[in-house]
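Report on the structure given below.
The values are calculated or read from the model by the stated rules, or taken from the named source; none is laboratory data. Keep in mind that this is a model prediction, so the values were computed, not measured. Backbone-built Cβ (ideal geometry, glycine too); neighbour counts: all protein chains shown. What goes into the accessible areas is simple: the full protein's heavy atoms, side chains included, and nothing from ligands, DNA or RNA. Shrake-Rupley method; radii C 1.70, N 1.55, O 1.52, S 1.80 Å.
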Amino acid sequence: MKGISEDKGTILTCTNNFSGRTISIVSFSTEEQYKDGFGPFTPGFQNVEYGDIESLKVAINEDTIAFLIEPIQGEAGIIIPPDGYLKEAFELCKKHNVLFIADEIQSGLGRSGKLFAFEYDNIRPDVVIIGKALSGGCYPVSAVLSDREVLGVFNPGDHGSTFGGNPLGAAVARESLKVLVEEKLIENSFELGNYFRAELNEIPSKHVKLIRGKGLFIGVELHEEAGGARRFCEALAERGILCKETHTHVIRFAPPLVIKKEQIDEALVKIKEVLLMP
Ligand SMILES: Cc1ncc(COP(=O)(O)O)c(C=O)c1O
């Protein structure tokens, strides 16, 4: 126990974060639209600049309880922090006895080409939040992972929700994790992600500013003059390819982890057609 006085602790979070839509979570959002009309908000959060270790160094202190971070920011437009940042941030947290919490709800469970995106920095967070792919997308189930030392502070009855601890959810999650491993979907994500990004880079589109990503978690950032990613996503939808614009100028590709090379090739023909639009 760190011994911070009751109601005095702070949780550090990051600019451009997205961890959901509850009141406490939107309390630290830097996106006005997520907060508009939902106040009053929960105090106790402070944002630091995502990917900037100096910003974390300045903010962290004896009242810091935890640092919550998405190892890759999905909603913000597939933003990847500089190499080594997560490791430095983790070590800084250790030095100050601060819990490092990784929100892997989007980036986790194979999406980034590793089981967890934080593995690229060889760290082991104190707490990991997972969801979405935990059920293969077919059942609402999410989880918080940690050691007993951390989660053991909860006693039976301290916390709960109507559908929390759902046995069917747990069974679906176990089966999904088995499929992820047995069907080598993490390896597939890593290999085909590299292939997909390399092929996207070959498309001579005047609209594309930058292609970034890890595994099958890919963002195509467009120049402002392209007029936003939405029209490209709509043109792709008309051709049978679903993707979503994030932060106005980024097309986010997050194909199913079971995708095959031939299907990526098929999609690339259409993506090329759309990215070469005027
Ligand atoms: C990175 C991240 N964290 C948290 C959440 C919120 O999860 P939930 O909808 O289960 O509250 C989301 C939802 O999209 C997310 O993308």
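Observations
- Judged by the gyration tensor of its Cα atoms, with axes a ≥ b ≥ c, region 110-180 is oblate; a/c meets the 1.5 cut and b/c is at least as large as a/b.
- Three-way shape call for region 210-267 based on the alpha-carbon gyration tensor, with the a/c threshold at 1.5: oblate
- Separation of the Glu49 and Glu273 label points, Cα + 7 Å toward Cβ, nm: 4.3
- Span from the region 183-199 Cα centroid across to the region 60-136 one, whole angstrom: 21
- Förster radius 35 Å - calculated FRET efficiency between Lys35 and Glu262 (Cβ-Cβ, nearest 0.05): 0.20
- Additional length obtainable on full extension of the chain from Glu88 to Leu168, 0.36 nm per residue less Cα span: 24.9 nm
- In this structure, the pairs whose alpha-carbon distance is over 29 Å, taken from Lys206/Lys261; Lys35/Lys206; Lys35/Lys184; Lys94/Lys114, are Lys35/Lys206; Lys35/Lys184.
- Percent carbon-and-sulfur accessible area, region 10-130, ignoring ligands, DNA and RNA, probe 1.4 Å: 52
- The slack in the chain from His223 to Arg148, taken as 0.36 nm per residue of separation less the alpha-carbon distance, amounts to 22.3 nm.
- Between Val179 and Asn201, the simple label model (points 7 Å from Cα in the Cβ direction) yields a spacing of 3.2 nm.
- Ligands, DNA and RNA excluded, the heavy atoms of Val144 present near 80 Å² of accessible surface to a 1.4 Å solvent probe.
- Cleavage-rule hits, GluC sites (Glu not before Pro), region 33-87, DSSP coil, Cβ neighbours within 10 Å at most 16: Glu49, Glu62
- Note that region 10-130 presents 43 Å² accessible area per residue, ligands and nucleic acids not counted, probe 1.4 Å.
- Rounded if a/c under 1.5, otherwise prolate or oblate - region 31-75, Cα gyration tensor axes: oblate
- Once the mean of 1/r is taken over each pair of separate Cα atoms and inverted, region 42-172 shows a Kirkwood hydrodynamic radius of 16.0 Å.
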